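Everything below concerns the one structure shown next.
Please treat every number below as a calculation from the coordinates, not as lab data. Here the structure is a predicted model, which is why all the values come from computation and not from measurement. Quick reminder, even Gly has a Cβ in these numbers, built from the backbone with ideal geometry, and neighbours come from all protein chains shown.
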Amino acid sequence: MLVAASILLKAVIFALLLRIAWRDFKTQKITNKDVLVLGLLGLAGLVLGAVDANSWGSLKIGAIASVVMFLALLPLWLLRKMGAGDVKLLAASPLVTGGDYLLAFALLLLVFSVLTAFLVKNPFLLPAPAFRQFLEHWERKGVVPFGVPISASLIGVLLLAFLKVI
């Protein structure tokens, strides 16, 4: 029963991450509601995993990392170097990954961030509709949709966890 609930929860988180990435790419906005739902679903997944394995370590590390991440990134938002939605999404990420997959998340985030930076510098490599969409928003706001690499990294972690690669 717990396995089925865990798989369903991961599928809902997967769909929510796709929605967050798409909305951030199109509008450069990450809603509070989406981040709150993601955090709660991630926390529910960690609780299910803790009950199933009778080990609460991953939940504790994830919760502590979430608070530390928020406190560390808050000054970047105050200095207008990072968007509020990106800060909140990064703070909710450890609740999805738990302590077990934090390193995998960090490595995937590094890879997807470098890829995003490369595409920002070379937007002509994007498919034509995405290129036009990107240019419209880039010219208007001049911001990079960082929710896309964050979501892609979390999706990668979900896939790694599902396949039990790590």
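Candidate cross-link partners of LYS121 among the lysines, defined by an alpha-carbon separation under 17 Å and a same-chain spacing of 8 or more, comprise LYS141. Here is the tail figure for region 1-46: Cα pairs spaced more than 13 Å apart come to 55 percent of all pairs. Of the trypsin sites (Lys or Arg not before Pro) found in region 73-103, those that fall in a DSSP loop while having at most 11 other beta-carbon atoms within 10 Å are ARG80, LYS81. In this Cβ point-charge picture (+1 for Lys and Arg, -1 for Asp and Glu), the chain has a dipole of about 420 debye about its Cα centre. Ranking ALA21, VAL3, ALA152 by Cα position along the charge dipole of the chain, where only Lys, Arg, Asp and Glu carry charges on their C-beta atoms, puts ALA21 farthest toward the positive end.
Scaled against the 2.2 N^0.38 Å expected of a compact globular protein of N residues, the Cα radius of gyration of the chain reads 1.06. Checking the a/c ratio against 1.5 first, then a/b against b/c, what shape does the Cα gyration tensor give for region 1-82? Verdict is oblate for region 1-82. Measuring r between the beta carbons of PHE70 and LEU125 and using R0 = 25 Å, the FRET efficiency lands at 0.15.
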